[in-house]
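Okay, structure first, notes after.
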Amino acid sequence: MKKKIYISFDINNDDDVFERFIKEIYDNKYPYHISGTSLGTAFYKLDDIREEITKCDLVIVLCGYHTNDASNVSLETKIADEEIIPHIYLNGRNNKFLVTMPSKAKDSDVIYQWSLKNINLINEKLDLN
């Protein structure tokens with residue numbers, strides 16, 4: 001059974017990262033169903049965004065150079081924390097030293113490199129291995 005994921009990303013700067021991630025999911029037939037995305041909630045009310053996130057098994061945050069300034073990403077990860085929905089941060093850019101996490105990220109949060117190994121980490125979080 002496919003697990004439901006919500007994809008959070010900086011809608012102003014990282015739509016190319018989002019598109020690459022979507023392509024990789026479908027090309028590699030990963031066992032995920034994309035239940036919601038930042039694009040889908042760009043004009044939603046807070047309750048609607050919360051409902052989209054609570055339907056998911058995991059929130060994947062695609063991090064770019066301006067993620068720390070993306071209010072939508074901070075809001076989405078805050079909701080995931082409040083609703084106890086696990087989330088994982090993936091580096092969506094080449095220069096890992098310039099990539100940022102949302103401003104609401106915890107000190108214990110880590111940005112993982114986008115790799116097959118770390119996709120498997122997502123699978124483990126979702127009990128798919």
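Extent along the principal axes, Cα only, for segment 3-125: 34, 30, 27 Å, with the longest axis given first. What separates the Cα centres of segment 11-35 and segment 51-129 is a distance of 13 Å. When the Cα convex hull of segment 1-56 is projected onto planes of every orientation, the mean area is 3.9 nm². Which entries of Lys45/Lys96; Lys78/Lys117; Lys23/Lys78; Lys2/Lys78; Lys29/Lys104 have Cα-Cα distances beyond 29 Å here? Those over the limit are Lys45/Lys96; Lys29/Lys104. Among Ile60, Ile11, Ile22, the largest mean-square fluctuation in a Gaussian network model of the chain (Cα springs under 10 Å) belongs to Ile22. The H on the amide N of Ile5, modeled in the peptide plane, is under 5 Å from the matching H of His33, Ile34, Ser35, Gly36, Asp57, each at least 5 residues off or on a different chain.
Structure remark: mean-square fluctuation, Gaussian network model of the chain, C-alpha springs under 10 Å; the largest value among Ser38, Ser71, Ser108 belongs to Ser108.
None of the figures in this text is laboratory data; all of them are computed from the coordinates on show. Keep in mind it's a predicted model, so treat the numbers as computed, not measured.
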